[in-house]
Amino acid sequence: MKSTSSGGAVFVRNRLNRPCTGLPPLPSLLVALIPLERFEALLLPNGDELVIEFPSNSWRLPFNLALPLPDAFHRSRTAQTFVFSLPNIVVKVYDDVKPYAHERAFYEKWSSALGSAVPTVHAHGRRIDDSKPFLVFSNEGGRITELTEEERAVVRRSVLDVIHEEGWHHHDLAARNVLRKPSGGLCLIDFGMASKCERQGCDGFWE
Ligand SMILES: [Zn+2]
């Protein structure tokens, strides 16, 4: 990559010769004001380029956003998850298209009904090197290691009762899939196995 300086922000050209704005020189206020999905792509510090898919009739910035080192990284059987605080997002890159499709379908169906009880999806797209799909979520807080009965009841009322009403199940209920927000509220995540389901007994089972 070669970099040039312009007006305090650093612009670097990546492998596709598209300019990208670098962090930290880009003022954090600017990152907070520009909707993430308006960038062409996100650049991870390891060189991964995540191209954002967006409706073609919408305006785009001709820049990539270079992300800083993540605050945390998780590797599961199905995905790599990068957690950032500036911008305050979580980037999840899926090994397989199936959990990605489940997760996207879930948020498309339920985001507005569930509100702040689940993260907000900011963007989706493909990693350029291997075409693996990714989603970008709002970063809602830290993972919980143990849940009390009362906390399970909060998740049940705010999410599970709502989706069960229409026959949707989460299928991976566990403390590790609940986040505690800075405000103290709880947020259910990881809908990679969620689906509309007619089986009995798999709708409220906690690991
Ligand atoms: Zn089920």
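Just so it is clear, none of the values below were taken in a lab; they were calculated from the coordinates. The structure presented is a predicted model; accordingly, all values stated were derived computationally and were not measured. Backbone-built Cβ (ideal geometry, glycine too); neighbour counts: all protein chains shown.
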Q) Stretched out fully, how many nm does the piece from His164 to Ser58 gain, at 0.36 nm a residue minus the Cα gap? A) 34.7 nm
Q.
What does the extension gain come out to for Asp71 and Ala101, with contour length at 0.36 nm per residue minus their alpha carbon separation?
A. 8.2 nm
**Q.** Volume of the Cα convex hull of segment 142-196, divided per residue and given in Å³
**A.** 71
(Q) Given points 7 Å out from each Cα along the Cα-Cβ axis, report the Ala174 to Val154 separation in nanometres with one decimal. (A) 2.1
Q) Tell me, what HN-Hα J-couplings in whole Hz come from the Karplus equation 6.51 cos²θ - 1.76 cosθ + 1.60 at θ = phi - 60° for each residue of segment 186-195, using x for Gly and Pro? A) 10, 9, 8, 10, 6, 9, x, 10, 6, 6
Q | From phi via Karplus (6.51, -1.76, 1.60), per-residue ³J(HN,Hα) for segment 111-120 in Hz, x at Gly/Pro | A | 3, 6, 5, 8, x, 7, 6, 9, x, 8
Q) If one puts a single equal scatterer on every Cα of segment 39-153 and applies the Debye formula without solvent, what log₁₀ I(q)/I(0) results at q = 0.11, 0.17, 0.21 Å⁻¹? A) -0.39, -0.92, -1.36
(Q) Give me, ordered by chain and number, the residues 5 or more places off Ala123 or on other chains with an amide H under 5 Å from its own placed amide H. (A) Val136
Q) For Cys197, Cys187, what ranking results if the residue with the fewest other Cβ atoms within 10 Å of its Cβ goes first? A) Cys197, Cys187
